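One structure below.
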Amino acid sequence: MNLFRLDASIRTEGSHSRQIADLVEHEWTAVHPESRIGHRHIGTEPLPSDVWASAAYAGFTPEEKRTQAQIDALGLAAALVDELVEADALLFAVPLYNFGVSQHFKTYVDLVTTDPRMAAGGSPALIGKPAVLVTVRGGAYGSGTPREGWDHATPWMRRILEDVWQLDVRTVEAEFTLVGVNPALDEFRDLAAQMQKDAEATARSHGRALASHSSIGAEVRDQGTR
Ligand SMILES: Cc1cc2nc3c(=O)[nH]c(=O)nc-3n(C[C@H](O)[C@H](O)[C@H](O)COP(=O)(O)O)c2cc1C
C-alpha cells in the first residue's frame with residue numbers, strides 16, 4: 001500500500017495544514033505500517049511556473065518538432081502523474097492564500113492536466129481513488145460571516161479533485177488559524193480552539209476511512225487481476 005502526500009504550505013515551522021495532514025498520515029500508517037509514503041512539497045520546493053506553458057503547447061506540436069523545453073516539461077508532468085497513479089491513496093494539504101488557490105497548487109494541477117492520462121474531458125487515470133484534502137484558512141468564511149463567499153480556493157480544489165480527477169475525496173477544513181497571531185482576532189480564541197479540535201477529529205476520522213477504503217480498493221483490484 002502506498003500513500004502519496006502533497007504539501008503546499010510555504011512554511012514548515014508552525015504549519016497548520018502540515019500538522020492536520022500529519023494526523024491523517026498517522027491514521028494511515030497505523031493501518032498500513034509497512035506502506036511507502038511519497039512526499040512532494042510544492043510550497044517550499046516549487047515547480048517552475050513556466051513549465052506548464054511548455055507542456056501545454058507540446059500537446060499541439062508534432063513530436064519531432066518539440067523543443068527540449070517541451071520534452072522536459074512533458075517528462076515532469078508524466079512524473080507527477082506517475083506519483084498519483086502509483087499510490088493507493090492521496091493526501092493533499094493546501095492553505096488559502098489571498099482568497100484564492102495557492103499558486104503552487106494551481107501550477108501543479110495545470111501541469112498534471114497536460115498529461116494525456118489526466119486530460120480534462122477524458123477519463124482520468126485516478127477514478128474512484130480515495131483521497132483527503134486538508135485545507136486551512138487564517139480567517140473564517142462560514143455562513144453569515146463578513147467574508148462569506150471570499151474563499152475562492154476550496155470550491156475550485158473540490159471541483160478539480162472530485163469532478164475533474166474523479167477522486168473519492170474527504171475534506172478537512174480548519175479556519176481561524178491566525179487567531180493567536182493577529183491580535184485583531186483575539187475575541188475568537190475560544191471559537192478557534194473549538195474549530196481546531198473539530199478539524200483534528202475530522203482529520204483522524206478521514207485518515208481511518210482513507211486507510212480502510214484503500215485496503216478494500218486494493219483487494220478488489222487484486223481479485224480483478226487473478
Ligand atoms: C501571503 C499569505 C496570504 C494569506 N492570505 C490569506 C487569505 O486570503 N485568507 C485567509 O483566511 N488566510 C490567509 N492567509 C493565512 C493562511 O491561510 C494561514 O496562515 C494558514 O494557516 C497557512 O497555512 P499553514 O499554517 O499550513 O502554513 C495568508 C497567509 C499568507 C502567508
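The values are calculated or read from the model by the stated rules, or taken from the named source; none is laboratory data. As the structure is a computational prediction, the values presented were derived from the model and not from experiment. Heads up, the Cβs are rebuilt from the backbone with ideal geometry, glycines too, and the neighbour counts pull from every protein chain shown. Side chains included, ligands, DNA and RNA excluded: accessible areas come from the protein's heavy atoms. Shrake-Rupley method; radii C 1.70, N 1.55, O 1.52, S 1.80 Å.
When only residues in region 1-12 that are under 20 Å from L167 (Cβ atoms) and open to solvent by 20 Å² or more (accessible area, probe 1.4 Å) count, which is farthest from the ligand (Cβ to nearest atom)? Talk me through it step by step, then tell me what you get.
From region 1-12, those under 20 Å from L167 (Cβ atoms) are 1-8; that's our starting set.
Adding the requirement that they be open to solvent by 20 Å² or more (accessible area, probe 1.4 Å) leaves 1-2.
On the way: M1: 26, N2: 24 Å.
Among them, the one singled out is M1.
Give the residues of region 145-176 that are without any contact (Cβ under 8 Å) to a residue 12 or more places away in the chain, under 23 Å from A203 (Cβ atoms) and basic (K, R), sorted by residue number. Passing the criteria: only R159. Search region 164-193 for residues being part of a strand (DSSP E or B) and in contact with a Leu (Cβ under 6 Å, 6 or more places away or on another chain), and hand back the single one that is nearest to R147 (Cα to Cα). The selected residue is T171.
The residue that is nearest to A30 (Cα to Cα), counting only those in region 197-222 that are at pLDDT 65 or above and aliphatic (A, V, I, L, M), is A211.
Does any residue of region 36-43 turn out to be within 14 Å of the ligand (Cβ to nearest atom) and open to solvent by 20 Å² or more (accessible area, probe 1.4 Å)?
Looking only at region 36-43, we keep the residues that are within 14 Å of the ligand (Cβ to nearest atom), and these are 41-43.
Then drop every residue that is not open to solvent by 20 Å² or more (accessible area, probe 1.4 Å), which leaves 41.
Yes, region 36-43 contains a residue that is within 14 Å of the ligand (Cβ to nearest atom) and open to solvent by 20 Å² or more (accessible area, probe 1.4 Å).
Checking each residue in region 130-144 for being away from the ligand (no atom under 12 Å from the Cβ) and either free of Cβ contacts under 8 Å to residues at least 12 places away in the same chain or touching a Gly at 6+ places or on another chain (Cβ under 8 Å) (or both) picks out P130, V132, S143, G144.
Look at S15 and say whether it is of a type outside the set (A, V, I, L, M, F, W, C), touching a strand residue (DSSP E or B) at 6+ places or on another chain (Cβ under 9 Å) and within 16 Å of the ligand (Cβ to nearest atom). Yes, satisfied. Looking only at region 91-108, residues that are open to solvent by 20 Å² or more (accessible area, probe 1.4 Å) and either small (G, A, S) or within 7 Å of the ligand (Cβ to nearest atom) (or both) come to 4 in all. Of all residues in region 19-35, which are within 14 Å of the ligand (Cβ to nearest atom) and farther than 12 Å from F92 by Cβ? If the condition is that a residue be within 14 Å of the ligand (Cβ to nearest atom) and farther than 12 Å from F92 by Cβ, then Q19, D22, L23 are the ones that fit.
Quick one: which of G75, G59 is open to solvent by 30 Å² or more (accessible area, probe 1.4 Å), touching a Ser or Thr at 6+ places or on another chain (Cβ under 8 Å) and more than 14 Å from the ligand (Cβ to nearest atom)?
Details: G75 fails: touching a Ser or Thr at 6+ places or on another chain (Cβ under 8 Å).
From the options G75, G59, the qualifying one is G59.
Of all the numbered requirements in (1) surrounded by fewer than 20 Cβ atoms within 10 Å (Cβ to Cβ); (2) more than 16 Å from the ligand (Cβ to nearest atom); (3) farther than 18 Å from F105 by Cα, L185 misses one, and that requirement is (2).
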